[in-house]
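In what follows, a structure is listed as structure tokens, so that the remarks can point back to it.
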Amino acid sequence: MAVRGRDLIKAMEAWAPKSLAVENDRIGLQVGDPEAEVRGVLLALDVTEEVVDEAVRIGANWVIAHHAVIFRPLKELRTDQSAGRLYAKLLRNGINVYAAHTNLDAAEGGVNDVLSEKLALEKTEVLIPTRYQRLKKVVIMSPVDHHESILQAAGKAGAGWIGNYSHCTFNIKGTGTFRPEEGTNPFIGRQGDLERVEEIRLETVVPEEHLNSVVQAMIDAHPYEEPAYDIYPLELSGEVQGMGRIGNLTQSMTLKELAERVKEVYHVPCLRMVGDGNSRVSRVAVLGGSGGRYAPEAQRLGADVYITGDLDHHTALDALADGLHLLDPGHHVEHLVLEQVVEKLKENVGLKEIPIQITTVDTNPFRFV
């Protein structure tokens, strides 16, 4: 069965749902048709003409990008200008483009988690909360013999997480009643007879973004034609979600030593540093992309040093006066998340046979001389 664009999009948004994006961010399918067959996927930080040429060369008709290919409103579509040439090349070659930006920044295992893990930060927390995970309670009734398989299916689909504990459920035995009417094919009982069956009421908590997949997994594992289940809204808030991370180094080091580590693990030839290189640092905040405006929040949460890109002169002066160290490895370090995107997409059974590659084009516009 052919894999369609909607299947690829569903896989991405199961991991990095649109609800995680900041307001008015340019995300989602930007060019193409969600029903287009997926023959190959190319991952890139930015979509340039060179990236499109590579997609054509390797036979990839889908590009998943971190930065939007259509960011500013279009006033014209002229093919004698760079933007128009790019869009024309995409359409002419049937290349579909999907963008995951701040939703991928905030996602668990997304940009900022990758940047934190590269530095081996411990006890990380969200730097800039943007939302709290909304929770639902799902209740399903099942015959005793199928209870365990339904419980396992729910847990595998993402239900029952409380902190670092998975498969958290509550179960009560009781008696279910039903009468199969004309046109039914009951798993238990006969048409016209009122049945009483010993069942187990399974209750579990589900993050809203996993609700549909959990319910479907439970139904698929259930033997009944018409499983009985309920969904309740909860006043409880789930995990905090948002931009950036803050955590602790495994051991303190000088700012200069941390700068050298950042260069090594982020694969950058050099970076900009604000502060005394001999100062010792242990608590680190990191935010991929342009995060200068969040420097005060990093300091408020106790960061000794804040790592982000595109820092401006006045932000640096203010941080220096306030005693906050800064490291700027550039905006382009976000490309480090692309390896994680490959892994996440390959976890999807339907995408296992689809060629998924990371672009070999260096889209970083800056060169060091």
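Among all residues of region 105-125, there is at least one that is under 16 Å from the mean Cα position of the chain (by Cα), of a type in the set (Val, Ile, Thr) and not in a loop (DSSP other than H, G, I, E, B).
Would you pick out the residues in region 99-112 that are surrounded by fewer than 20 Cβ atoms within 10 Å (Cβ to Cβ) and touching a strand residue (DSSP E or B) at 6+ places or on another chain (Cβ under 9 Å)?
Narrowing region 99-112 to residues surrounded by fewer than 20 Cβ atoms within 10 Å (Cβ to Cβ): 108-109.
If the condition is that a residue be surrounded by fewer than 20 Cβ atoms within 10 Å (Cβ to Cβ) and touching a strand residue (DSSP E or B) at 6+ places or on another chain (Cβ under 9 Å), then Glu108 is the only one that fits.
Pairs are defined by a Cβ separation below 6 Å, a sequence spacing of at least 6 or placement on different chains, a first member in region 196-217 that is under 23 Å from Pro180 (Cα atoms) and among the charged types (D, E, K, R), and a second member that is part of a helix (DSSP H, G or I) and modelled with pLDDT of 95 or more; the pairs so defined are Glu198/Val144.
Determine which member of the set Leu42, Leu8 is crowded, with 22+ Cβ neighbours inside 10 Å, under 25 Å from Pro207 (Cα atoms) and modelled with pLDDT of 95 or more. Lay out the reasoning, then the answer.
Working: Leu42 fails: under 25 Å from Pro207 (Cα atoms).
It is Leu8.
Is one or more of the residues making up region 23-36 assigned to a strand (DSSP E or B), buried (at least 16 other Cβ atoms within 10 Å of the Cβ) and without any contact (Cβ under 8 Å) to a residue 60 or more places away in the chain? Looking through region 23-36, none of the residues is assigned to a strand (DSSP E or B), buried (at least 16 other Cβ atoms within 10 Å of the Cβ) and without any contact (Cβ under 8 Å) to a residue 60 or more places away in the chain.
Can you name the residue in region 229-238 that is at pLDDT below 95 and either among the hydrophobic types (A, V, I, L, M, F, W, C) or surrounded by 13 or more Cβ atoms within 10 Å (Cβ to Cβ) (or both) and is also nearest to Asp105 (Cα to Cα) among such residues?
Gly238
Going by the structure shown, is Gly350 surrounded by fewer than 17 Cβ atoms within 10 Å (Cβ to Cβ) and outside any loop (DSSP other than H, G, I, E, B)? Before you say what the answer is, go through the steps one by one.
Details: surrounded by fewer than 17 Cβ atoms within 10 Å (Cβ to Cβ): yes; outside any loop (DSSP other than H, G, I, E, B): yes.
It is true that Gly350 is surrounded by fewer than 17 Cβ atoms within 10 Å (Cβ to Cβ) and outside any loop (DSSP other than H, G, I, E, B).
The conditions of being assigned to a loop (DSSP other than H, G, I, E, B) and closer than 17 Å to Val361 by Cβ are met by Val69. A search for C-beta distances below 8 Å between a residue of region 58-81 that is closer than 14 Å to Ile358 by Cα and any residue that is of a type in the set (Phe, Trp, Tyr) and crowded, with 19+ Cβ neighbours inside 10 Å, counting only pairs 6+ apart in sequence or on different chains, returns Trp62/Tyr98; Val63/Tyr98; Ile64/Tyr98; Ala65/Tyr98.
Give region 206-220 a look and list any residue that's outside any helix (DSSP H, G or I) and crowded, with 19+ Cβ neighbours inside 10 Å, or say none. Don't jump to the end; show me each part of the working.
Going residue by residue through region 206-220, those that are outside any helix (DSSP H, G or I) are 206-207.
Across region 206-220, the qualifying residue is only Val206.
If Val361 meets every condition in (1) touching a residue at least 60 places away in the same chain (Cβ under 8 Å); (2) farther than 23 Å from Glu50 by Cα apart from one, which number is that one? Of everything listed in (1) touching a residue at least 60 places away in the same chain (Cβ under 8 Å); (2) farther than 23 Å from Glu50 by Cα, Val361 misses just condition (2). Taking region 291-322 as the range and being exposed (fewer than 14 other Cβ atoms within 10 Å of the Cβ) and closer than 19 Å to Val114 by Cβ as the test, only Asp310 passes.
The values are calculated or read from the model by the stated rules, or taken from the named source; none is laboratory data. From a predicted model like this one, the values you see are computed outputs, not experimental measurements. Cβ sites come from the backbone with ideal geometry, for glycine too, and all protein chains shown count toward neighbours.
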